[in-house]
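Comments concern the structure below.
Where a number appears in this text, it was derived from the coordinates with a stated rule and is not lab data. Just so it is clear, the structure is predicted and the values come from calculations on it, not from any experiment. A quick note on method: Cβ atoms are made from the backbone with ideal geometry, for glycine too, and the neighbour counts reach across all protein chains shown.
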Amino acid sequence: MKKQPEMQGRVKSISYAKWGYIFIIPFFIVYILFTLVPQFLTVYNSFFENYRIGLTQVGPNYVGLENYKALFTPQSDGTILILKYTANTFILWIIGAIPQFVIAMLLAVFFTSGRLNIKGQGFFKTVIYMPNLIMAAAFSMLIYTLFSKVGPIQLFLEHQGIIDKTFDFFAYRVSVRGMIAFMNFIMWFGNTTIVLMAGIMGIDQSLFESATIDGANAWQVFFKVTLPLLMPIFVYCFITAMIGGIQMFDVPQVLTKGDGLPNETTRTLVMYLNRYLSGASRNYGAAGAISVIIFIMTGVLGFVVYKMLAAQYQEKRSAPKYHRRRQRGENA
C-alpha cells in the first residue's frame with residue numbers, strides 16, 4: 001500500500017517520434033515506386049540493345065557500354081551529337097538565366113528596402129509571379145504566332161520597311177535562341193524574385209541598421225551584408241535553375257516543332273532523348289544511356305556549383321562585421 005502514491009505520481013510518457021515516421025511512410029512508398037525503381041530500371045536498360053525496326057523487335061540484348069560508345073561516336077562530318085546538344089542546352093540556359101537572376105535580385109532588393117518602403121507589395125508579387133503560371137507550351141505557341149511570317153510583328157516590321165517578306169525569324173540562330181531565352185526568363189524570374197525576397201526578409205534588420213549607422217552606402221550594404229547572408233538561398237535558386245535548364249524541353253520543342261531550328265542549333269539534351277522515345281522505332285537502350293548521362297551531369301554540376309558557392313559563403317560569413325563591432329562596443 002505504501003507504493004501506491006509513487007505509482008500515482010508517475011506520469012506515463014508517450015513517444016510521438018514513431019508517428020512522424022508513420023506519416024512519412026506514404027511519401028517513401030510513392031518515391032520508391034515511381035522514382036527510385038524507374039531510375040534503376042533506366043540504368044539497367046542502358047546496358048541493353050532494345051529497339052524496333054518496323055514490326056520487328058530487336059532485343060533486349062545485353063551490349064554493355066555500346067550504347068554509351070555510340071552516343072560519343074562522331075558523325076560523318078565529325079560532330080558528336082550529344083556534345084553539340086549539351087552545348088546548345090547550356091547556351092540557351094545561360095542567356096536566359098543571366099537576366100533572370102540580375103532582374104530578380106534587383107527587384108528583391110527593391111521591394112524589401114526599408115528606405116523605400118514600397119507599398120502594395122502583395123500586388124506586385126502577384127503580377128511578377130503570374131507569368132510562371134502560364135503553360136510553357138501555350139507561351140511558346142503565342143511567341144511562334146507573333147513572330148511567324150504572317151504574325152503581327154513580322155507584318156508591322158514589313159510595313160515600317162525594316163525587313164522584307166523574305167525575312168524569317170526562325171531561320172536565324174540568334175533570333176530563335178533569343179526567343180527561347182526570353183521565354184525562360186519571363187516565366188521564371190518571378191519565382192526567383194519571390195524566393196530571394198523571402199531570403200532577404202529573413203535577415204536580421206538590425207544588421208542593415210548597424211551598417212547604415214556605421215556609414216555604409218547602399219552598395220556596401222548589399223555586397224557586405226545582404227549578399228553573404230543571402231548566399232544559401234541564392235545557391236538553392238541557382239542549382240534548381242541549372243537543373244531546370246539541363247532538363248529544358250517544352251519551350252524549344254513547341255517553338256521549333258521539335259526540329260531544333262535552325263540547323264539543330266536549338267535542340268536540347270531532352271529533345272535528343274525524346275527523339276529516341278518517339279516514333280515507331282523506339283530505342284530504349286540509347287534513351288536510357290542519354291538519361292544516365294543527363295543524371296550524372298546534373299549531379300556533378302550541382303555538386304561543383306554547391307561547393308564553389310558554399311565555399312564563398314563560408315568565406316563571407318564574417319563579412320557583416322558592423323553588428324558584431326557594435327555589440328562589442330556596447331558590451332565594453
Work out the FRET efficiency for LEU133 and ASP77 from their Cβ-Cβ distance, taking R0 = 51 Å, and round it to the nearest 0.05.
0.75
Which residue fluctuates most in the GNM of the chain (Cα springs below 10 Å): SER291, SER46, SER113?
SER113
On Cα atoms only, tilt of 136-147 relative to the major axis of the chain in degrees:
50
Go through the stretch 53-69 residue by residue and turn each phi into a ³J(HN,Hα) via Karplus (6.51, -1.76, 1.60, θ = phi - 60°); whole Hz please, and just put x for glycine and proline.
10, x, 9, 9, 8, 9, x, x, 10, 5, 10, x, 9, 4, 4, 6, 5
Over the chain, what is the relative contact order in whole percent, taking alpha-carbon pairs under 8 Å and six or more residues apart?
26
In deg cm²/dmol, rounded to the nearest 500, the helical mean residue ellipticity at 222 nm of the chain, built from -39500 (n - 2.57) for every DSSP H run of length 4 or more, is -21000 deg cm²/dmol
Over 31 Å between alpha carbons, listed pairs LYS125/LYS257; LYS224/LYS307; LYS84/LYS149; LYS119/LYS307; LYS84/LYS125; LYS84/LYS224:
LYS125/LYS257; LYS119/LYS307; LYS84/LYS125; LYS84/LYS224
Among the stretch 285-302, those whose backbone N falls under 20 Å of a label point 7 Å along Cα→Cβ from LEU36 are 292, 295-296, 299
Within 10 Å of each candidate Cβ there may be at most 11 other Cβ atoms; applying that plus a DSSP loop requirement, which trypsin sites (Lys or Arg not before Pro) in the stretch 95-154 survive?
ARG115, LYS119
Put a dot 7 Å past each Cα toward the Cβ at PHE23 and ARG52; how far apart are the dots in nm?
4.6
For the stretch 14-88 and the stretch 143-201, what is the separation of their C-alpha centers, rounded to whole Å?
34
What nm value, rounded to one decimal, do you get for the distance between TYR16 and LYS84 when each label is placed 7 Å out toward the C-beta?
6.0
If amide H atoms are modeled at 1.01 Å from N in the peptide plane, then the residues at a separation of 5 or more from VAL58, or on another chain, having amide H under 5 Å from its own are TYR51, ARG52, ILE53
Got a sec? Which residues in the stretch 38-54 would a label at LYS69 touch, if it sits 7 Å along Cα→Cβ and we count backbone N under 14 Å?
47-49
For the chain, take the longest principal axis of its alpha carbons; what is the angle in degrees between that and the long axis of helix 284-316, to the nearest 10 within 0 to 90?
40
Least to most buried among SER278, SER76, SER210, SER175, by other C-beta atoms within 10 Å and fewest first, runs SER76, SER278, SER175, SER210
